[in-house]
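As structure tokens, the structure follows; a few thoughts come after it.
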Amino acid sequence: MLDISGFTEMLESSYWIWPAIAALIGLQIGSFINVLVGRLPQMMQREWEQQMAETQTTSAPPQVVFNLATPSSHCTSCHTPLRVRDLVPVLSFVWLKGRCAHCGAKVSLRYPLVEMAVALLWAYCAWRWQVSGTALAWALFATVALALALIDADTMLLPDSLTLPLMWAGMLCASIGWIHVSLEQSVWGAALGYGVLWWVQAVFGWITGKQGMGAGDFKLLAALGAWMGWMALPVLVLMASVSGVVVALVMRVIDRVQAGEPLPFGPHLVLAAGVWMVAMSGGLANIGAMSLQ
């Protein structure tokens, strides 16, 4: 009789190979996300300045090329271009003890944390859905959502160049069956996601004469609705609102913000979406079952 126990063991062990590979891919993508988060708002600012200059009578001064590829990665303190060995995700930070190899300036801890966060997100998606379009779709969704949360936290901006493609990608993935919602649910999720926050802002502005949130939040919730369906919207808004209120109260207590000072809402929407993604995928139940084995 053919003994297949060894083959079975190999398959069981390979269940963890794909998450490990995905984590390595996630580390590299996380390194790119650090560049994206740092440079995209600056690119937007330069574009706005260029457009304003073009509306004036004087000619706009020529601008140095600045995009996601140019200039090459460099130290923000001494502006020395970084070597390949300085750009290894996480490991370079550890080897250099969190300092620039050229001038010794401190490097923000956020760089390796973002790289590890993206690696964990990709590993989770590969663990939950293995090698599939669903795993790739949710890994990309989580990566872009994290980038949006970081940009909003830094600058109070939610770039259309990220929110709108994320929304269209959700509807596309729904149409080909890569995510759990139907195309109809996705379209309604996008429409209601934008419309609900638009009406909330309109009513708030009519009552108070102030702007409660920006249009970027509308587009972000539209993107989340496209990925998670209209049924998820009430839960997402509730969780994000509670999270936002708690964080605002804590920051007021520690005197980090003043009364009436605006705070970014995008990170709370992304956090709520992350909780919903794990919950709807059965990830919490699977993790709990594994812990009991």
Top-ranked residue in region 157-188 [being under 14 Å from the mean Cα position of the chain (by Cα) and among the hydrophobic types (A, V, I, L, M, F, W, C); ranked as surrounded by the fewest Cβ atoms within 10 Å (Cβ to Cβ)]: Leu164
Test set (1) in contact with a Cys (Cβ under 7 Å, 6 or more places away or on another chain); (2) among the small types (Gly, Ala, Ser); (3) free of Cβ contacts under 8 Å to residues at least 40 places away in the same chain - Ser92 fails condition number: (1)
Answer from Ala174, Ala169 - the residue that is out of contact with any Pro (no Cβ under 6 Å at 6 or more places or on another chain), of a type outside the set (Ser, Thr, Tyr) and within 25 Å of Pro264 (Cα to Cα): Ala169
Evaluation of Pro89 against (1) assigned to a loop (DSSP other than H, G, I, E, B); (2) loosely packed, with under 15 Cβ neighbours inside 10 Å (one fails), failing number: (2)
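So that you can scan it fast, the table gives a plain yes or no per residue for (1) modelled with pLDDT of 90 or more; (2) within 13 Å of Ile33 (Cα to Cα); (3) touching a Pro at 6+ places or on another chain (Cβ under 7 Å):
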site: Pro81; (1), (2), (3): no, no, no
site: Val94; (1), (2), (3): yes, no, no
site: Cys100; (1), (2), (3): no, no, no
site: Gly104; (1), (2), (3): no, no, no
site: Leu109; (1), (2), (3): yes, no, no
site: Cys125; (1), (2), (3): yes, no, no
site: Ser132; (1), (2), (3): yes, no, no
site: Leu150; (1), (2), (3): yes, yes, no
site: Leu157; (1), (2), (3): yes, no, yes
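The values are calculated or read from the model by the stated rules, or taken from the named source; none is laboratory data. On a predicted model such as this, the values are computed, not experimentally measured, just so you know. For neighbour counting, all protein chains shown are included, and Cβ atoms are generated from backbone atoms with ideal geometry for every residue, glycine included.
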